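The values are calculated or read from the model by the stated rules, or taken from the named source; none is laboratory data. Not measured: the values here are computed from a predicted model. In this analysis, Cβ positions are derived from the backbone assuming ideal geometry, glycine residues included, and neighbour counts consider all displayed protein chains.
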Amino acid sequence: MRFLPSSLLLLLLAIAPLGFTQQTATEEYSRDDFPSEFVFGAGTSAYQYEGAVAEDGRSPSIWDTFTLAGNMADKSTGDVASDGYHKYKEDVKLMSDLGLEAYRFSISWSRLLPNGRGDVNPKGLKYYNDLINELIEHGIQPQITLHHLDLPQVLEDEYGGWLSTKIIDDFREYADVCFKEFGDRVSYWTTIVEPNVNGQASYDYGFFPPQRCSYPFGAYNCSAGNSTVEPYITVHNMLLAHAAVVNLYRTKYQAMQKGWISLNLYTLWLCPFSNSSGDVEATQREMDFMIGWVMNPLVFGDYPEIMKKNAGQRLPSFTRLESEQVKGSFDFIGLNHYTTAYVKDNSNGPISGLRDFTADSYSVLTGSKDDTPTSHFDPTHINNDPSGLRKMLGYLKNKYGNPPIYIQENGYSMGVKDTLNLNDTDRIDYLDGYLRSTLQAIRDGSDVRGYFVWSFVDVFEFLLGYESSFGLYYVDFDDVERKRQPKLSARWYSNFLRKKKKDILMRKSGLQVMHHQQ
(Lines give C-alpha, C1' and ligand atoms only; values in the text may rest on other atoms or scores of the structure.)
Protein backbone atom coordinates (compact mmCIF):
# COMPACT_ATOMS: atom_id res chain seq x y z
CA MET A 1 0.00 0.00 0.00
CA ARG A 2 1.51 3.16 -1.02
CA PHE A 3 -0.27 6.35 -0.18
CA LEU A 4 -2.96 7.66 1.99
CA PRO A 5 -6.04 8.62 0.09
CA SER A 6 -8.15 11.51 1.20
CA SER A 7 -7.52 14.54 3.24
CA LEU A 8 -4.60 13.15 5.13
CA LEU A 9 -2.12 13.53 7.79
CA LEU A 10 -0.77 16.00 10.02
CA LEU A 11 2.30 17.83 10.89
CA LEU A 12 2.98 21.34 12.04
CA LEU A 13 5.86 22.81 10.13
CA ALA A 14 6.25 25.50 12.73
CA ILE A 15 7.20 23.00 15.44
CA ALA A 16 9.58 20.91 13.37
CA PRO A 17 12.94 20.24 15.01
CA LEU A 18 15.41 23.06 14.60
CA GLY A 19 19.15 23.05 14.07
CA PHE A 20 19.39 20.56 11.20
CA THR A 21 22.86 20.11 9.78
CA GLN A 22 22.41 19.79 6.03
CA GLN A 23 24.26 17.08 4.19
CA THR A 24 24.88 18.22 0.64
CA ALA A 25 23.59 16.11 -2.22
CA THR A 26 27.17 15.63 -3.43
CA GLU A 27 28.63 14.56 -0.09
CA GLU A 28 29.78 10.94 -0.12
CA TYR A 29 28.10 8.54 2.26
CA SER A 30 28.11 4.78 2.62
CA ARG A 31 26.54 1.87 4.44
CA ASP A 32 29.20 2.35 7.12
CA ASP A 33 27.83 5.78 8.00
CA PHE A 34 24.74 4.08 9.44
CA PRO A 35 24.86 2.20 12.75
CA SER A 36 26.20 -1.34 12.41
CA GLU A 37 22.94 -2.78 13.73
CA PHE A 38 20.87 -0.74 11.25
CA VAL A 39 19.20 -3.00 8.69
CA PHE A 40 18.54 -2.33 5.01
CA GLY A 41 15.96 -4.27 3.06
CA ALA A 42 13.05 -4.23 0.65
CA GLY A 43 9.50 -5.49 0.84
CA THR A 44 6.36 -6.88 -0.76
CA SER A 45 2.96 -7.99 0.54
CA ALA A 46 1.03 -11.23 0.08
CA TYR A 47 -1.80 -10.24 -2.26
CA GLN A 48 0.40 -7.89 -4.25
CA TYR A 49 3.19 -10.44 -4.77
CA GLU A 50 2.21 -14.07 -4.33
CA GLY A 51 -0.49 -14.80 -6.91
CA ALA A 52 -1.71 -18.43 -6.78
CA VAL A 53 -4.94 -17.15 -5.28
CA ALA A 54 -6.88 -20.37 -5.85
CA GLU A 55 -4.05 -22.84 -5.28
CA ASP A 56 -3.24 -25.19 -2.43
CA GLY A 57 -6.21 -24.43 -0.23
CA ARG A 58 -6.13 -20.64 -0.13
CA SER A 59 -9.55 -19.01 0.26
CA PRO A 60 -10.45 -15.58 -1.19
CA SER A 61 -9.57 -12.33 0.55
CA ILE A 62 -11.58 -9.15 0.20
CA TRP A 63 -9.08 -8.02 -2.44
CA ASP A 64 -9.91 -11.07 -4.58
CA THR A 65 -13.59 -10.21 -4.41
CA PHE A 66 -12.92 -6.54 -5.13
CA THR A 67 -10.67 -7.05 -8.15
CA LEU A 68 -12.68 -9.88 -9.69
CA ALA A 69 -15.68 -7.53 -9.70
CA GLY A 70 -13.70 -5.23 -12.02
CA ASN A 71 -13.17 -2.43 -9.54
CA MET A 72 -9.59 -1.59 -10.55
CA ALA A 73 -9.19 1.20 -13.08
CA ASP A 74 -7.20 -1.13 -15.34
CA LYS A 75 -9.53 -4.08 -14.52
CA SER A 76 -6.54 -6.02 -13.20
CA THR A 77 -6.41 -8.60 -10.42
CA GLY A 78 -3.75 -10.16 -8.21
CA ASP A 79 -4.58 -13.65 -9.43
CA VAL A 80 -1.00 -14.14 -10.61
CA ALA A 81 0.62 -10.86 -9.54
CA SER A 82 4.41 -11.35 -9.41
CA ASP A 83 3.92 -15.11 -9.00
CA GLY A 84 5.99 -15.05 -5.85
CA TYR A 85 4.27 -18.22 -4.61
CA HIS A 86 6.15 -20.15 -7.29
CA LYS A 87 9.20 -17.95 -7.77
CA TYR A 88 10.25 -17.23 -4.18
CA LYS A 89 13.48 -19.25 -4.44
CA GLU A 90 14.52 -17.31 -7.51
CA ASP A 91 13.65 -14.06 -5.74
CA VAL A 92 15.58 -14.90 -2.58
CA LYS A 93 18.60 -15.60 -4.77
CA LEU A 94 18.13 -12.15 -6.32
CA MET A 95 17.88 -10.63 -2.83
CA SER A 96 21.14 -12.31 -1.88
CA ASP A 97 22.85 -11.16 -5.06
CA LEU A 98 21.57 -7.63 -4.40
CA GLY A 99 22.98 -7.68 -0.87
CA LEU A 100 19.70 -7.23 1.01
CA GLU A 101 20.07 -7.58 4.76
CA ALA A 102 16.35 -8.08 5.41
CA TYR A 103 13.11 -8.80 3.56
CA ARG A 104 9.73 -7.62 4.76
CA PHE A 105 6.68 -9.58 3.60
CA SER A 106 3.19 -10.35 4.81
CA ILE A 107 1.31 -13.56 5.53
CA SER A 108 -1.89 -14.20 3.63
CA TRP A 109 -4.37 -14.87 6.44
CA SER A 110 -6.66 -16.72 4.03
CA ARG A 111 -3.80 -18.92 2.80
CA LEU A 112 -2.78 -19.95 6.30
CA LEU A 113 -6.29 -20.16 7.83
CA PRO A 114 -8.73 -20.51 4.93
CA ASN A 115 -11.73 -20.33 7.27
CA GLY A 116 -10.34 -17.32 9.11
CA ARG A 117 -9.88 -19.49 12.19
CA GLY A 118 -9.59 -23.16 13.06
CA ASP A 119 -7.65 -25.62 10.94
CA VAL A 120 -4.29 -24.56 9.55
CA ASN A 121 -3.78 -25.12 5.82
CA PRO A 122 -0.70 -27.40 5.65
CA LYS A 123 0.31 -26.24 2.17
CA GLY A 124 0.08 -22.60 3.17
CA LEU A 125 2.12 -23.36 6.27
CA LYS A 126 4.73 -25.13 4.17
CA TYR A 127 5.06 -22.19 1.78
CA TYR A 128 5.82 -19.70 4.53
CA ASN A 129 8.16 -22.09 6.34
CA ASP A 130 10.02 -22.72 3.09
CA LEU A 131 10.25 -18.98 2.35
CA ILE A 132 11.55 -18.19 5.84
CA ASN A 133 14.09 -21.02 5.70
CA GLU A 134 15.27 -19.90 2.27
CA LEU A 135 15.81 -16.37 3.53
CA ILE A 136 17.75 -17.51 6.57
CA GLU A 137 19.86 -19.86 4.46
CA HIS A 138 20.91 -16.84 2.40
CA GLY A 139 21.61 -14.70 5.48
CA ILE A 140 18.57 -12.45 5.02
CA GLN A 141 16.54 -11.42 8.05
CA PRO A 142 12.78 -12.08 7.66
CA GLN A 143 10.41 -9.41 8.95
CA ILE A 144 6.73 -10.38 8.89
CA THR A 145 3.52 -8.39 8.69
CA LEU A 146 0.39 -10.22 9.82
CA HIS A 147 -2.24 -8.11 8.05
CA HIS A 148 -1.64 -6.08 4.90
CA LEU A 149 -5.21 -5.10 3.95
CA ASP A 150 -6.16 -8.59 2.65
CA LEU A 151 -8.80 -9.73 5.18
CA PRO A 152 -10.30 -13.20 4.56
CA GLN A 153 -13.59 -12.76 2.72
CA VAL A 154 -15.19 -15.37 4.96
CA LEU A 155 -14.81 -13.07 8.00
CA GLU A 156 -16.15 -10.10 6.05
CA ASP A 157 -19.20 -12.17 5.10
CA GLU A 158 -19.72 -13.59 8.58
CA TYR A 159 -19.68 -10.45 10.72
CA GLY A 160 -18.42 -7.48 8.71
CA GLY A 161 -14.72 -7.91 9.38
CA TRP A 162 -13.14 -4.91 11.09
CA LEU A 163 -16.55 -3.40 11.85
CA SER A 164 -17.10 -6.03 14.55
CA THR A 165 -15.24 -6.63 17.81
CA LYS A 166 -15.41 -10.34 16.92
CA ILE A 167 -12.37 -9.69 14.75
CA ILE A 168 -10.24 -9.28 17.89
CA ASP A 169 -10.43 -12.93 18.90
CA ASP A 170 -9.96 -14.19 15.34
CA PHE A 171 -6.96 -11.93 14.73
CA ARG A 172 -5.40 -13.08 18.00
CA GLU A 173 -5.91 -16.74 17.03
CA TYR A 174 -4.36 -16.16 13.62
CA ALA A 175 -1.40 -14.36 15.20
CA ASP A 176 -0.99 -17.19 17.69
CA VAL A 177 -0.55 -19.64 14.82
CA CYS A 178 2.08 -17.39 13.22
CA PHE A 179 4.04 -16.89 16.44
CA LYS A 180 3.93 -20.62 17.20
CA GLU A 181 4.92 -21.78 13.72
CA PHE A 182 7.40 -19.10 12.64
CA GLY A 183 8.56 -17.31 15.79
CA ASP A 184 11.56 -19.56 16.32
CA ARG A 185 13.10 -17.96 13.21
CA VAL A 186 11.34 -14.60 12.98
CA SER A 187 12.17 -11.79 15.43
CA TYR A 188 10.37 -8.81 13.89
CA TRP A 189 6.57 -8.66 13.67
CA THR A 190 4.18 -5.99 12.49
CA THR A 191 0.54 -6.60 13.32
CA ILE A 192 -1.43 -4.32 10.97
CA VAL A 193 -0.32 -2.09 8.09
CA GLU A 194 -1.61 1.45 7.81
CA PRO A 195 -4.81 1.38 9.89
CA ASN A 196 -5.17 5.11 9.16
CA VAL A 197 -5.27 4.33 5.43
CA ASN A 198 -7.57 1.36 5.82
CA GLY A 199 -10.09 3.32 7.85
CA GLN A 200 -10.42 6.04 5.23
CA ALA A 201 -9.89 4.22 1.94
CA SER A 202 -12.12 1.26 2.81
CA TYR A 203 -14.82 2.79 5.02
CA ASP A 204 -15.04 6.50 4.17
CA TYR A 205 -14.26 6.83 0.45
CA GLY A 206 -14.90 3.23 -0.56
CA PHE A 207 -12.17 2.84 -3.15
CA PHE A 208 -10.57 -0.07 -1.27
CA PRO A 209 -12.46 -3.24 -0.29
CA PRO A 210 -14.85 -3.89 1.31
CA GLN A 211 -15.88 -0.68 -0.53
CA ARG A 212 -18.07 0.85 2.13
CA CYS A 213 -19.09 4.51 2.08
CA SER A 214 -22.16 6.72 2.17
CA TYR A 215 -23.38 9.77 0.25
CA PRO A 216 -22.08 12.40 -0.15
CA PHE A 217 -18.60 11.30 0.92
CA GLY A 218 -17.82 8.17 -1.07
CA ALA A 219 -15.65 8.18 -4.15
CA TYR A 220 -17.80 5.35 -5.49
CA ASN A 221 -21.45 4.42 -5.42
CA CYS A 222 -21.04 2.07 -2.48
CA SER A 223 -23.88 -0.37 -1.86
CA ALA A 224 -23.44 -0.14 1.90
CA GLY A 225 -21.61 1.80 4.58
CA ASN A 226 -21.65 4.88 6.78
CA SER A 227 -18.77 7.26 6.16
CA THR A 228 -19.57 9.31 9.25
CA VAL A 229 -18.76 6.55 11.77
CA GLU A 230 -17.22 3.47 10.16
CA PRO A 231 -13.68 4.86 9.72
CA TYR A 232 -13.58 5.54 13.46
CA ILE A 233 -15.09 2.16 14.39
CA THR A 234 -12.75 0.10 12.24
CA VAL A 235 -9.53 1.83 13.34
CA HIS A 236 -10.69 1.51 16.96
CA ASN A 237 -11.13 -2.24 16.48
CA MET A 238 -7.75 -2.47 14.74
CA LEU A 239 -6.08 -0.81 17.73
CA LEU A 240 -7.83 -3.19 20.13
CA ALA A 241 -6.92 -6.21 18.00
CA HIS A 242 -3.33 -5.02 17.75
CA ALA A 243 -3.11 -4.59 21.53
CA ALA A 244 -4.58 -8.07 22.07
CA VAL A 245 -1.95 -9.61 19.79
CA VAL A 246 0.89 -7.68 21.46
CA ASN A 247 -0.32 -8.87 24.84
CA LEU A 248 -0.39 -12.45 23.53
CA TYR A 249 3.13 -12.14 22.16
CA ARG A 250 4.53 -10.58 25.30
CA THR A 251 2.95 -13.05 27.71
CA LYS A 252 3.38 -16.26 25.71
CA TYR A 253 6.26 -15.89 23.25
CA GLN A 254 8.54 -12.89 23.68
CA ALA A 255 10.65 -14.16 26.58
CA MET A 256 11.49 -17.31 24.66
CA GLN A 257 11.65 -15.96 21.12
CA LYS A 258 13.23 -12.61 22.08
CA GLY A 259 11.52 -10.72 19.26
CA TRP A 260 9.98 -7.28 18.74
CA ILE A 261 6.46 -6.33 17.71
CA SER A 262 4.93 -3.21 16.21
CA LEU A 263 2.10 -1.43 14.43
CA ASN A 264 2.61 0.27 11.08
CA LEU A 265 1.64 3.87 10.32
CA TYR A 266 1.29 5.73 7.03
CA THR A 267 2.71 9.26 7.15
CA LEU A 268 2.98 12.35 5.01
CA TRP A 269 4.99 15.39 5.90
CA LEU A 270 2.43 18.19 5.95
CA CYS A 271 3.12 21.86 5.35
CA PRO A 272 0.72 24.80 5.60
CA PHE A 273 -0.55 25.89 2.18
CA SER A 274 0.21 29.46 3.19
CA ASN A 275 1.67 31.30 6.17
CA SER A 276 -1.77 32.21 7.46
CA SER A 277 -2.61 31.23 11.03
CA GLY A 278 -5.61 29.31 9.70
CA ASP A 279 -3.49 27.08 7.48
CA VAL A 280 -0.92 26.54 10.23
CA GLU A 281 -3.63 25.51 12.67
CA ALA A 282 -5.24 23.30 10.01
CA THR A 283 -1.91 21.52 9.52
CA GLN A 284 -1.79 20.72 13.22
CA ARG A 285 -5.35 19.38 13.09
CA GLU A 286 -4.40 17.15 10.18
CA MET A 287 -1.49 15.88 12.20
CA ASP A 288 -3.72 15.03 15.13
CA PHE A 289 -6.32 13.41 12.94
CA MET A 290 -4.02 11.22 10.92
CA ILE A 291 -0.86 10.60 12.95
CA GLY A 292 -2.39 11.16 16.36
CA TRP A 293 -5.33 8.90 15.46
CA VAL A 294 -2.95 5.95 15.87
CA MET A 295 0.07 7.27 17.77
CA ASN A 296 -1.76 8.99 20.62
CA PRO A 297 -3.51 5.80 21.77
CA LEU A 298 -0.26 3.83 21.45
CA VAL A 299 1.76 6.36 23.46
CA PHE A 300 -0.78 8.15 25.67
CA GLY A 301 -3.71 5.70 25.79
CA ASP A 302 -6.35 7.93 24.16
CA TYR A 303 -7.25 9.85 21.02
CA PRO A 304 -6.20 13.49 20.52
CA GLU A 305 -8.50 16.02 22.17
CA ILE A 306 -9.32 17.71 18.85
CA MET A 307 -10.60 14.40 17.46
CA LYS A 308 -12.80 13.82 20.48
CA LYS A 309 -14.12 17.38 20.23
CA ASN A 310 -14.83 17.42 16.49
CA ALA A 311 -16.08 13.85 16.05
CA GLY A 312 -17.94 13.69 19.35
CA GLN A 313 -19.83 10.49 20.04
CA ARG A 314 -19.04 9.17 16.56
CA LEU A 315 -15.53 8.44 17.84
CA PRO A 316 -15.49 5.33 20.08
CA SER A 317 -14.09 5.62 23.58
CA PHE A 318 -11.55 3.39 25.27
CA THR A 319 -12.49 1.86 28.59
CA ARG A 320 -9.86 2.25 31.29
CA LEU A 321 -8.71 -1.35 30.73
CA GLU A 322 -8.59 -0.90 26.95
CA SER A 323 -6.58 2.29 27.33
CA GLU A 324 -4.07 0.48 29.53
CA GLN A 325 -3.80 -2.37 27.01
CA VAL A 326 -3.30 -0.12 23.98
CA LYS A 327 -0.88 2.28 25.68
CA GLY A 328 2.69 1.09 25.18
CA SER A 329 1.67 -1.82 22.94
CA PHE A 330 4.70 -1.56 20.66
CA ASP A 331 8.41 -2.25 20.70
CA PHE A 332 8.97 -0.11 17.61
CA ILE A 333 6.88 1.78 15.07
CA GLY A 334 6.75 0.78 11.42
CA LEU A 335 6.68 3.87 9.21
CA ASN A 336 5.50 4.12 5.60
CA HIS A 337 6.50 7.42 4.03
CA TYR A 338 6.48 8.57 0.41
CA THR A 339 5.79 12.25 0.00
CA THR A 340 4.79 15.70 1.26
CA ALA A 341 1.41 17.46 1.05
CA TYR A 342 0.10 20.95 1.79
CA VAL A 343 -2.81 21.76 4.08
CA LYS A 344 -5.38 24.54 3.70
CA ASP A 345 -7.85 25.57 6.37
CA ASN A 346 -11.50 24.75 5.75
CA SER A 347 -12.91 25.72 9.15
CA ASN A 348 -15.13 28.40 7.60
CA GLY A 349 -17.09 25.74 5.75
CA PRO A 350 -20.39 24.32 7.00
CA ILE A 351 -20.05 22.66 10.38
CA SER A 352 -23.60 21.30 10.66
CA GLY A 353 -25.10 18.28 8.97
CA LEU A 354 -23.29 15.05 8.08
CA ARG A 355 -19.53 14.94 8.54
CA ASP A 356 -16.97 12.28 7.78
CA PHE A 357 -13.35 11.98 8.89
CA THR A 358 -12.17 14.57 6.37
CA ALA A 359 -14.84 17.08 7.27
CA ASP A 360 -14.08 16.63 10.97
CA SER A 361 -10.53 17.87 10.43
CA TYR A 362 -11.78 21.10 8.77
CA SER A 363 -8.97 21.08 6.21
CA VAL A 364 -8.18 20.08 2.64
CA LEU A 365 -4.96 18.84 1.05
CA THR A 366 -3.01 19.38 -2.14
CA GLY A 367 0.11 17.81 -3.59
CA SER A 368 1.81 21.18 -4.15
CA LYS A 369 1.29 24.90 -3.66
CA ASP A 370 0.51 25.18 -7.35
CA ASP A 371 -2.55 22.92 -7.03
CA THR A 372 -6.05 23.79 -5.96
CA PRO A 373 -6.83 22.10 -2.63
CA THR A 374 -9.56 19.49 -2.84
CA SER A 375 -11.38 17.31 -0.35
CA HIS A 376 -9.67 14.25 -1.84
CA PHE A 377 -5.87 14.31 -1.96
CA ASP A 378 -4.43 12.56 -5.03
CA PRO A 379 -2.52 9.63 -3.48
CA THR A 380 -0.68 8.85 -6.72
CA HIS A 381 1.13 12.20 -6.66
CA ILE A 382 4.63 11.83 -5.19
CA ASN A 383 6.74 14.88 -4.45
CA ASN A 384 10.42 14.09 -4.21
CA ASP A 385 10.89 15.90 -0.91
CA PRO A 386 13.47 14.00 1.18
CA SER A 387 13.50 16.70 3.85
CA GLY A 388 9.91 15.73 4.66
CA LEU A 389 11.01 12.33 5.96
CA ARG A 390 13.63 13.90 8.21
CA LYS A 391 11.07 16.36 9.56
CA MET A 392 8.53 13.59 10.13
CA LEU A 393 11.07 11.55 12.06
CA GLY A 394 11.94 14.63 14.08
CA TYR A 395 8.30 15.25 14.85
CA LEU A 396 7.78 11.69 16.07
CA LYS A 397 10.92 12.00 18.20
CA ASN A 398 9.75 15.20 19.87
CA LYS A 399 6.05 14.43 20.16
CA TYR A 400 6.09 10.73 21.06
CA GLY A 401 9.25 10.18 23.06
CA ASN A 402 11.59 9.08 20.26
CA PRO A 403 10.21 5.57 19.65
CA PRO A 404 12.39 3.07 17.76
CA ILE A 405 11.38 3.29 14.09
CA TYR A 406 11.76 1.06 11.06
CA ILE A 407 11.01 2.84 7.79
CA GLN A 408 9.07 -0.08 6.33
CA GLU A 409 8.07 1.48 3.01
CA ASN A 410 9.68 4.21 0.95
CA GLY A 411 9.76 4.20 -2.82
CA TYR A 412 9.06 5.90 -6.11
CA SER A 413 6.43 5.08 -8.74
CA MET A 414 7.09 5.04 -12.46
CA GLY A 415 4.87 3.95 -15.32
CA VAL A 416 5.26 0.28 -16.19
CA LYS A 417 5.08 1.03 -19.91
CA ASP A 418 7.79 3.68 -19.66
CA THR A 419 10.46 2.80 -22.23
CA LEU A 420 13.07 4.01 -19.73
CA ASN A 421 11.72 1.77 -16.99
CA LEU A 422 14.97 -0.15 -16.55
CA ASN A 423 17.01 3.05 -16.65
CA ASP A 424 15.14 4.50 -13.65
CA THR A 425 17.39 7.39 -12.76
CA ASP A 426 14.46 9.31 -11.22
CA ARG A 427 13.98 6.49 -8.74
CA ILE A 428 17.69 6.52 -7.92
CA ASP A 429 17.54 10.25 -7.24
CA TYR A 430 14.54 9.68 -4.98
CA LEU A 431 16.07 6.82 -3.00
CA ASP A 432 19.39 8.63 -2.67
CA GLY A 433 17.66 11.69 -1.24
CA TYR A 434 15.58 9.72 1.26
CA LEU A 435 18.54 7.65 2.41
CA ARG A 436 20.45 10.87 3.04
CA SER A 437 17.43 12.23 4.92
CA THR A 438 17.30 9.08 7.05
CA LEU A 439 20.98 9.42 7.90
CA GLN A 440 20.47 13.07 8.81
CA ALA A 441 17.55 12.12 11.10
CA ILE A 442 19.75 9.59 12.88
CA ARG A 443 22.38 12.27 13.38
CA ASP A 444 19.62 14.52 14.75
CA GLY A 445 18.93 11.86 17.40
CA SER A 446 15.98 9.96 15.91
CA ASP A 447 16.02 6.27 16.86
CA VAL A 448 15.73 4.90 13.32
CA ARG A 449 16.80 1.26 13.04
CA GLY A 450 15.99 0.15 9.53
CA TYR A 451 15.01 1.17 6.00
CA PHE A 452 13.06 -0.87 3.46
CA VAL A 453 12.55 0.05 -0.18
CA TRP A 454 9.09 -0.49 -1.60
CA SER A 455 9.14 -2.71 -3.51
CA PHE A 456 11.64 -5.49 -4.11
CA VAL A 457 10.07 -6.49 -7.44
CA ASP A 458 7.22 -4.89 -9.36
CA VAL A 459 3.92 -5.96 -7.79
CA PHE A 460 0.19 -5.45 -8.16
CA GLU A 461 -0.31 -1.97 -6.74
CA PHE A 462 -3.46 -1.37 -4.69
CA LEU A 463 -4.18 1.98 -6.33
CA LEU A 464 -3.13 1.48 -9.94
CA GLY A 465 -2.79 -2.26 -10.49
CA TYR A 466 -0.09 -2.91 -13.08
CA GLU A 467 0.02 0.65 -14.39
CA SER A 468 2.38 1.68 -11.61
CA SER A 469 5.87 0.32 -10.98
CA PHE A 470 7.79 0.59 -7.70
CA GLY A 471 10.11 -2.40 -8.00
CA LEU A 472 13.88 -2.57 -7.95
CA TYR A 473 13.35 -5.45 -10.38
CA TYR A 474 11.13 -5.15 -13.43
CA VAL A 475 8.49 -7.87 -13.81
CA ASP A 476 7.01 -8.49 -17.24
CA PHE A 477 3.35 -8.99 -16.35
CA ASP A 478 2.58 -9.88 -19.99
CA ASP A 479 4.93 -12.85 -19.76
CA VAL A 480 3.50 -16.03 -18.21
CA GLU A 481 6.93 -16.66 -16.73
CA ARG A 482 6.92 -13.26 -14.99
CA LYS A 483 10.55 -12.74 -15.92
CA ARG A 484 12.55 -10.44 -13.61
CA GLN A 485 15.09 -7.89 -14.82
CA PRO A 486 17.20 -5.64 -12.58
CA LYS A 487 16.60 -1.93 -13.00
CA LEU A 488 19.39 0.56 -12.66
CA SER A 489 18.06 1.31 -9.15
CA ALA A 490 18.71 -2.31 -8.13
CA ARG A 491 22.34 -1.97 -9.15
CA TRP A 492 22.57 1.39 -7.39
CA TYR A 493 21.08 -0.01 -4.14
CA SER A 494 23.38 -3.02 -4.34
CA ASN A 495 26.41 -0.79 -4.78
CA PHE A 496 25.35 1.27 -1.78
CA LEU A 497 24.88 -1.81 0.42
CA ARG A 498 28.25 -3.26 -0.54
CA LYS A 499 30.26 -0.03 -0.66
CA LYS A 500 32.32 0.57 2.44
CA LYS A 501 33.63 3.86 3.74
CA LYS A 502 37.21 2.70 3.25
CA ASP A 503 36.49 2.20 -0.46
CA ILE A 504 35.31 5.80 -0.70
CA LEU A 505 38.37 7.07 1.15
CA MET A 506 40.66 5.04 -1.09
CA ARG A 507 38.93 6.37 -4.19
CA LYS A 508 39.17 9.94 -2.91
CA SER A 509 42.83 9.43 -2.04
CA GLY A 510 43.49 8.08 -5.51
CA LEU A 511 41.76 11.03 -7.10
CA GLN A 512 43.84 13.42 -4.99
CA VAL A 513 47.06 11.69 -6.06
CA MET A 514 46.02 11.88 -9.71
CA HIS A 515 45.15 15.56 -9.31
CA HIS A 516 48.50 16.23 -7.65
CA GLN A 517 50.38 14.44 -10.44
CA GLN A 518 48.53 16.48 -13.05
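Can you name every residue in segment 94-136 that is among the aliphatic types (A, V, I, L, M) and outside any helix (DSSP H, G or I)? I'd like the intermediate steps shown before the answer.
Just the residues of segment 94-136 that are among the aliphatic types (A, V, I, L, M), to begin with: 94-95, 98, 100, 102, 107, 112-113, 120, 125, 131-132, 135-136.
Scanning segment 94-136 gives Leu100, Ala102, Ile107, Leu113, Val120.
Output the residues belonging to segment 96-116 that are within 20 Å of Lys499 (Cα to Cα) and out of contact with any strand residue (DSSP E or B) (no Cβ under 6 Å at 6 or more places or on another chain).
If the condition is that a residue be within 20 Å of Lys499 (Cα to Cα) and out of contact with any strand residue (DSSP E or B) (no Cβ under 6 Å at 6 or more places or on another chain), then Ser96, Asp97, Leu98, Gly99 are the ones that fit.
Any residue at all in segment 240-248 that's more than 28 Å from Arg390 (Cα to Cα), buried (at least 24 other Cβ atoms within 10 Å of the Cβ), in contact with a strand residue (DSSP E or B) (Cβ under 6 Å, 6 or more places away or on another chain) and not polar (S, T, N, Q)?
So far as segment 240-248 goes, yes, one or more of its residues are more than 28 Å from Arg390 (Cα to Cα), buried (at least 24 other Cβ atoms within 10 Å of the Cβ), in contact with a strand residue (DSSP E or B) (Cβ under 6 Å, 6 or more places away or on another chain) and not polar (S, T, N, Q).
Only residues that are of a type in the set (Asp, Glu), in a loop (DSSP other than H, G, I, E, B) and in contact (Cβ under 8 Å) with a residue 40 or more places away in the chain: list them for segment 457-480, please. It would help to see each step written out before you state the result.
Of all residues in segment 457-480, those of a type in the set (Asp, Glu) come to 458, 461, 467, 476, 478-479.
Then keep just the ones that are in a loop (DSSP other than H, G, I, E, B); that gives 458, 467, 476, 478-479.
Result: Asp458, Glu467.
Quick one: count up the residues across segment 320-358 that are among the aliphatic types (A, V, I, L, M), assigned to a helix (DSSP H, G or I) and out of contact with any helix residue (DSSP H, G or I) (no Cβ under 9 Å at 6 or more places or on another chain).
Taking segment 320-358 as the starting set, the residues that turn out to be among the aliphatic types (A, V, I, L, M) are 321, 326, 333, 335, 341, 343, 351, 354.
Now narrow it down to the ones that are assigned to a helix (DSSP H, G or I): 321, 326.
If we keep only those that are out of contact with any helix residue (DSSP H, G or I) (no Cβ under 9 Å at 6 or more places or on another chain) as well, we get 321.
So the count comes out to 1.
Answer yes if at least one residue in segment 193-209 is surrounded by fewer than 20 Cβ atoms within 10 Å (Cβ to Cβ) and among the charged types (D, E, K, R), and no otherwise.
As a first pass, look at segment 193-209 and keep what is surrounded by fewer than 20 Cβ atoms within 10 Å (Cβ to Cβ): none.
No, every residue in segment 193-209 fails to be surrounded by fewer than 20 Cβ atoms within 10 Å (Cβ to Cβ) and among the charged types (D, E, K, R).
Could you pull out the residue among Lys369, Lys417, Lys399 that is at pLDDT below 90 and either within 30 Å of Phe217 (Cβ to Cβ) or part of a strand (DSSP E or B) (or both)?
Values: Lys417 fails: either within 30 Å of Phe217 (Cβ to Cβ) or part of a strand (DSSP E or B) (or both); Lys399 fails: at pLDDT below 90.
Within the list Lys369, Lys417, Lys399, the selection yields Lys369.
Among what's in segment 143-175 and is assigned to a helix (DSSP H, G or I) and of a type in the set (A, V, I, L, M), pick the residue that is farthest from Asn121 (Cα to Cα). Reasoning before the result, please.
In the first step, residues of segment 143-175 are kept if they are assigned to a helix (DSSP H, G or I); the result is 153-159, 161-163, 166-175.
Filter once more, so that each one left must be of a type in the set (A, V, I, L, M): 154-155, 163, 167-168, 175.
Values: Val154: 15, Leu155: 16, Leu163: 26, Ile167: 20, Ile168: 21, Ala175: 14 Å.
Across segment 143-175, the extreme among qualifying residues is Leu163.
Please indicate, with yes or no, whether at least one residue in segment 181-202 is out of contact with any strand residue (DSSP E or B) (no Cβ under 8 Å at 6 or more places or on another chain) and free of Cβ contacts under 8 Å to residues at least 24 places away in the same chain.
no
Restricting to segment 207-266, count the residues that are assigned to a loop (DSSP other than H, G, I, E, B) and either within 22 Å of Lys166 (Cα to Cα) or more than 18 Å from the chain's Cα centre (by Cα) (or both).
24
Restricting to segment 320-357, what's the tally of residues that are over 25 Å from Phe217 (Cβ atoms), among the hydrophobic types (A, V, I, L, M, F, W, C) and buried (at least 19 other Cβ atoms within 10 Å of the Cβ)?
5
For Ser317, work out the one condition from (1) in a loop (DSSP other than H, G, I, E, B); (2) crowded, with 19+ Cβ neighbours inside 10 Å; (3) not acidic (Asp, Glu) it doesn't fulfil.
Checking Ser317 against (1) in a loop (DSSP other than H, G, I, E, B); (2) crowded, with 19+ Cβ neighbours inside 10 Å; (3) not acidic (Asp, Glu), the one that fails is (2).
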